[in-house]
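J.: If you scroll down you'll find the structure; I have some questions about it.
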Amino acid sequence: MEQARLSAWQMFLVTFYFTTGTTWIVLTGPVIGDAKQYAWLVCLGALAYGILLALLWLYLSSRYPGKSLVEIAVAALGRWAGGVIALFYVLYFVQIASWVTRNLGDFLHTNMMPQTPVAFFSIMVLFTCAYAVVKGIASIAMVSELLTPYLHLAYWVPILVALRQWDWQNFHESHIGSFAAAIGRSNYAFAFPFMETVALMMLFPYVQKRLNTSYILGIAASGLSLALSVLANIGILGVNRSSRLIYPVFMLFREMQFASFLEHLETFLAINVLFIVCLKLSILFYCAVLAICQLFRVKRREVVAFPLIWILSAYSLLFHNVIENMEWVQKYLFTYYLLYAVVFPLLLLAAAWLRKAGAPGAMPTPRTE
């Protein structure tokens, strides 16, 4: 395993950017379309759910200190059964990474370069991320520190300026019966992105101090940012318009205007998207490569990272278009993610309890005649 160390601040940023990723460009439109004016409350409910899951994963990790998710699976269930679970997680990380790659490609293709094939964006970004993976998680964390001031100023300052167009009437229109109905129609917001953060268990051994605090706060900050972004879209663009747009945040920046001379600020958003999604993809890519290396005892990450580029690129092209991708997310994502975020961790935790109960000294010594 790489001899890297992450500070609490770096783990906070890694968690924040991993959870944020493509969420605020991909999730905003669908969740507003399904939950209407309650969309921002659904995001807050999903955040609470995500924190509960994070506490479960932290507790599981505390039973196996110093071990990653793959190592925990092998330690809890043995080399063969645990190896099968670990292999499932490898496939899970690869799938998420390919979806993130496709989301970025669709965004750039749709909004910036419609004549450029999506595959070109995928390969270009994946080569960059593979290089970051080879350099190590510490390098990725330092890049996140470097980009943080720009990413937040370039996003939130224009949003604050756009609040001049705020209309409270957007929240009083009757669109859906109740908050419970809104949650039922948008349960995928509970899966994406919060169930994905189980992947960060691969990085837990690198954090020496305040792991619990930095991990929970990173998820909380990302969830609050998502809720505020959805709230701003509803208040400025309205429910009906936001729900009809694939990327309502992009339209918000496109129509934004400073004074009478500075407009079309969507370029700043596109740069933000490129940086943040590359950070998330690099972290996911690293988790997938690290999991493969630990499972199959490969010592050099570059042996796995560069061939994996072509697998991720090919997998990302399975969906024909962005609409088909979003429909799959809305219909099946929550059920699919339950296996990796809830079922497998509970299985590993149960195995840990059984091993402890069956350990020497845990049961009374049989009486000899």
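The values are calculated or read from the model by the stated rules, or taken from the named source; none is laboratory data. Because the structure is a prediction, the values reported are computed rather than measured. Cβ sites come from the backbone with ideal geometry, for glycine too, and all protein chains shown count toward neighbours. These accessible areas exclude ligands, DNA and RNA; they are computed on the full protein's heavy atoms, side chains included. Shrake-Rupley method; radii C 1.70, N 1.55, O 1.52, S 1.80 Å.
J.: When residues of the range 206-224 are filtered for being within 16 Å of Lys280 (Cβ to Cβ), surrounded by 19 or more Cβ atoms within 10 Å (Cβ to Cβ) and hydrophobic (A, V, I, L, M, F, W, C), how many remain? Reasoning before the result, please.
T.: So in the range 206-224, the residues within 16 Å of Lys280 (Cβ to Cβ) come out as 215, 218-219, 221-223.
Going one step further and asking which of them are surrounded by 19 or more Cβ atoms within 10 Å (Cβ to Cβ), we end up with 215, 218-219, 222-223.
Restricting the remaining residues to those that are hydrophobic (A, V, I, L, M, F, W, C) gives 219.
The number of residues fulfilling the criteria is 1.
J.: Do the conditions hold for Val298, that is, is it surrounded by fewer than 17 Cβ atoms within 10 Å (Cβ to Cβ) and either part of a helix (DSSP H, G or I) or free of Cβ contacts under 8 Å to residues at least 24 places away in the same chain (or both)? Explain how you work it out, then say what you get.
T.: Values: surrounded by fewer than 17 Cβ atoms within 10 Å (Cβ to Cβ): yes; either part of a helix (DSSP H, G or I) or free of Cβ contacts under 8 Å to residues at least 24 places away in the same chain (or both): yes.
When the stated conditions are applied, Val298 passes them.
J.: Would you tally the residues in the range 52-74 being surrounded by fewer than 18 Cβ atoms within 10 Å (Cβ to Cβ) and either hydrophobic (A, V, I, L, M, F, W, C) or touching a helix residue (DSSP H, G or I) at 6+ places or on another chain (Cβ under 6 Å) (or both)?
T.: Going residue by residue through the range 52-74, those that are surrounded by fewer than 18 Cβ atoms within 10 Å (Cβ to Cβ) are 52, 55-56, 58-59, 62-63, 65-66.
Then keep just the ones that are either hydrophobic (A, V, I, L, M, F, W, C) or touching a helix residue (DSSP H, G or I) at 6+ places or on another chain (Cβ under 6 Å) (or both); that gives 52, 55-56, 58, 63, 66.
Result for the range 52-74: 6.
Results for (1) buried (at least 19 other Cβ atoms within 10 Å of the Cβ); (2) over 16 Å from Ser7 (Cα atoms); (3) touching a Ser or Thr at 6+ places or on another chain (Cβ under 9 Å), shown as yes or no for each residue.
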residue	(1), (2), (3)
Leu163	no, yes, no
Gln169	no, yes, no
Phe204	yes, no, yes
Leu226	yes, yes, yes
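J.: Still on this structure, please answer the following. When only residues in the range 127-154 that are farther than 29 Å from Ser313 by Cα and open to solvent by less than 70 Å² (accessible area, probe 1.4 Å) count, which is modelled with the highest pLDDT?
T.: His152
J.: Here is a follow-up. Being under 21 Å from Ala191 (Cβ atoms), part of a helix (DSSP H, G or I) and small (Gly, Ala, Ser) narrows it down to one residue among Ala81, Ala86, Ala46; which is it? Give the steps one after another, and end with the answer.
T.: Values: Ala81 fails: under 21 Å from Ala191 (Cβ atoms); Ala86 fails: under 21 Å from Ala191 (Cβ atoms).
Exactly one of Ala81, Ala86, Ala46 is under 21 Å from Ala191 (Cβ atoms), part of a helix (DSSP H, G or I) and small (Gly, Ala, Ser), namely Ala46.
J.: A further question on this structure: Within the range 240-251, take every residue that is assigned to a helix (DSSP H, G or I) and surrounded by fewer than 22 Cβ atoms within 10 Å (Cβ to Cβ) and give me the one that is nearest to the chain's Cα centre (by Cα). Let's see the steps before the verdict.
T.: As a first pass, look at the range 240-251 and keep what is assigned to a helix (DSSP H, G or I): 240-244, 248-251.
Next cut, surrounded by fewer than 22 Cβ atoms within 10 Å (Cβ to Cβ) only: 240-241, 244, 250-251.
On the way: Asn240: 27, Arg241: 26, Arg244: 24, Phe250: 20, Met251: 23 Å.
Out of the qualifying residues, it is Phe250.
J.: Could you say which residue among Ile271, Ile276, Ile292 is in a helix (DSSP H, G or I), more than 12 Å from Leu126 (Cα to Cα) and within 14 Å of the chain's Cα centre (by Cα)? Talk me through it step by step, then tell me what you get.
T.: Values: Ile271 fails: within 14 Å of the chain's Cα centre (by Cα); Ile292 fails: within 14 Å of the chain's Cα centre (by Cα).
Going through Ile271, Ile276, Ile292 in turn, the sole match is Ile276.
J.: Somewhere in the range 94-114, is a residue over 19 Å from Gly21 (Cβ atoms), open to solvent by 20 Å² or more (accessible area, probe 1.4 Å) and either part of a loop (DSSP other than H, G, I, E, B) or in contact with a Leu (Cβ under 7 Å, 6 or more places away or on another chain) (or both)? Quick ask: steps written out before the conclusion?
T.: So in the range 94-114, the residues over 19 Å from Gly21 (Cβ atoms) come out as 113-114.
Of the ones still in play, those that are also open to solvent by 20 Å² or more (accessible area, probe 1.4 Å) are 113-114.
Then drop every residue that is not either part of a loop (DSSP other than H, G, I, E, B) or in contact with a Leu (Cβ under 7 Å, 6 or more places away or on another chain) (or both), which leaves 113-114.
Yes, the conditions are met somewhere in the range 94-114.
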